[in-house]
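Undergrad: Mind having a look at this structure? Questions to follow.
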Amino acid sequence: MANGFPFGVGFTTVDSADLTGGGDGNRVNVRSVAQLPFGDRTYSRWFDPTVFSRPARGDFGNAPKDVYRGPGIHSWDISVFKNFPVSSESRIIQFRGEFYNMFNHTQFSAVDSTARFDAAGSQVNTRLGQVTGARSARVIQFALSFKF
């Protein structure tokens with residue numbers, strides 16, 4: 001089990017405006033806390049997308065490096081095996097089962113974190129703050145080996 005990594009939010013404009021002059025980088029403006037409490041996070045709303053606004057021309061923005069925490073990992077990997085002696089202790093048949101993400105919890109892996117603003121300053125990316133990827137589902141593998 002692990003908490004999610006911290007992530008930032010970037011932005012683009014649909015009108016390709018050069019807001020800083022000279023092509024220097026800038027950040028989105030953040031008006032409030034974007035991170036939602038743990039119980040309020042859903043697949044379609046991992047953080048609050050309404051707190052972001054387009055910076056004005058000449059404004060470098062105020063967003064910190066890390067705005068929200070991404071999805072964490074809660075995965076149980078289990079391995080079981082049984083040795084069966086065959087006519088003596090030196091010959092063994094081993095049956096092994098390995099289970100990755102044993103309880104098959106959904107493991108989100110990515111969130112859309114790029115705001116897109118039109119010329120009027122409205123945020124037009126409808127997927128901002130939504131989960132966009134998941135890790136592998138349960139994987140089971142069995143093996144049988146003979147040792148002599």
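Undergrad: Using alpha carbons only, how many angstrom separate the centre of segment 79-99 from the centre of segment 42-78?
TA: 49 Å
Undergrad: Compute the normalised compactness of the chain: alpha-carbon radius of gyration over 2.2 N^0.38 Å, N being the residue count. Kindly include the intermediate steps, with their values, before the conclusion.
TA: Details: Rg = 24.4 Å, N = 148, 2.2 N^0.38 = 14.7 Å.
Taking the Cα Rg and dividing by 2.2 N^0.38 Å, one obtains 1.66.
Undergrad: Sorted by mean Cβ packing within 10 Å, highest first, what order do the peptides 54-61, 82-89 take? Display every interim value, and only then the final one.
TA: Working: 54-61: 14.4, 82-89: 9.8.
Going from most to least packed, we get 54-61, 82-89.
Undergrad: Would you mind getting me the FRET efficiency between Phe60 and Phe5? Use the beta-carbon distance for r and R0 = 25 Å, nearest 0.05. Don't jump to the answer; show the numbers that get you there.
TA: On the way: r = 25 Å, r/R0 = 0.99.
The calculated FRET efficiency here is 0.50.
Undergrad: Quick one: Karplus J couplings for segment 48-62, per residue in order, coefficients 6.51, -1.76, 1.60, θ = phi - 60°, nearest Hz, x for Gly and Pro?
TA: Coupling constants for segment 48-62: 7, x, 7, 8, 9, 9, 6, x, 6, 4, x, 8, 8, x, 10 Hz.
Undergrad: What length, rounded to one decimal in nm, is gained on full extension from Val33 through to Ala17, with 0.36 nm per residue of separation minus their alpha-carbon distance?
TA: Values: separation 16, 0.36 × 16 = 5.76 nm, distance 2.64 nm.
Once the chain is fully extended between Val33 and Ala17, it gains 3.1 nm.
Read-outs: derived from the displayed coordinates by stated rules, not from any lab. A quick note: this is a predicted structure, and the numbers were derived from the prediction, not measured. Cβ coordinates were reconstructed from backbone atoms using ideal geometry, including for glycine residues, and neighbour counts include every protein chain displayed.
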